[in-house]
Amino acid sequence: MQSVASVFALELRVVNVRDKDAIENGIKRIAEFPNAGLLITASAPANVHRDLILRLAERHRLPAIYPYRYFVAAGGLACYGPDTIGQYRRAAGYVDRILRGEKPADLPVQAPTKYELVINLNTAKALSVTIPETLLARADEVIE
């Protein structure tokens with residue numbers, strides 16, 4: 001029986017997303033590899049250059065996973081990330097507690113409690129990517 005490591009040969013490439021040229025060159029290099037894809041991590045530069053990243057992923061026919069739902073709503077393939085609306089609601093609760101006199105230093109840091117999986121079937125179809133039914137069934141939202 002073969003181990004997973006011997007079946008899949010993975011290579012990780014990091015693309016600097018600080019400026020337009022670095023993003024374009026990095027994604028172009030990644031697209032040269034067979035069966036390449038993108039995993040976009042949560043960062044301010046990725047958000048700033050969201051439209052460029054989405055456009056390049058589409059141009060180079062790269063399946064990509066994004067950190068937030070709004071990437072997928074704008075045409076990305078899929079996202080798995082924290083529910084940002086829930087985080088803002090919980091932050092409002094903290095503001096209320098602070099306004100009522102609690103000290104911010106006494107409030108615990110909160111991590112996200114809900115993560116969402118969103119899949120864009122239109123993008124999957126355009127990329128000729130088949131999304132397994134089991135994954136679609138687990139998705140919080142499927143965009144058709």
hull vol. (C-alpha, convex hull) per residue for the range 23-73, Å³ -> 69
Residue-normalised 222 nm signal for the chain, counting each DSSP H run of n ≥ 4 as -39,500 (n - 2.57), nearest 500 deg cm²/dmol, is -12000 deg cm²/dmol
With +1 at each Lys and Arg Cβ and -1 at each Asp and Glu Cβ, the charge dipole magnitude of the range 1-132 around its Cα centre, to the nearest 20 debye, comes out at 180
Here the percent of antiparallel bridges among DSSP beta bridges lying wholly in the chain, to the nearest 5, is 40
What the 5 Å binned alpha carbon P(r) of the chain shows, as percent of pairs per bin from 0, is 2, 8, 16, 17, 16, 14, 11, 7, 5, 3, 1, 0, 0
Using a 1.4 Å probe on heavy atoms of the protein chains only, the accessible area for residue 51 in Å², nearest 10, reads 90
In terms of the charge dipole of the chain, which places +1 on Lys and Arg and -1 on Asp and Glu at the beta carbon, the residue among 123, 30, 99 farthest towards the positive end is 99
Length gained if residue 131 through residue 70 is fully extended, taking 0.36 nm per residue and subtracting the Cα-Cα distance, is 20.0 nm
Of the convex hull enclosing the alpha-carbon atoms of the range 78-119, the direction-averaged projected area in nm² is 3.0
For residue 61 and residue 14, extending 7 Å from Cα along the Cα-Cβ vector and measuring point to point gives, in nm, a value of 3.1
Computed over the Cα atoms of the range 55-108, the Rg and Dmax in Å are 17.7, 53
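If you roll a 1.4 angstrom probe over the protein chains with everything in place, what fraction of the accessible area of the chain belongs to carbon and sulfur, to the nearest %? Could the numbers behind the result be given before it?
On the way: 5590 of 10150 Å².
Percent of accessible area from carbon and sulfur atoms in the chain: 55.
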Excluding residues fewer than 8 positions from residue 114 in its own chain, the aspartates and glutamates with Cα under 13 Å of it are 83, 140
PRE zone check, label point 7 Å out along Cα-to-Cβ of residue 84, amide N under 15 Å, scope the range 113-144, hits 115-118
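The values are calculated or read from the model by the stated rules, or taken from the named source; none is laboratory data. Note that the structure is a prediction, hence the values are computed from the model and not measured. FYI the Cβ positions are ideal-geometry reconstructions off the backbone, even for glycines, and counts take in every protein chain you see. Heavy atoms of the whole protein, side chains included, go into the accessibility calculation; ligands, DNA and RNA do not. Shrake-Rupley method; radii C 1.70, N 1.55, O 1.52, S 1.80 Å.
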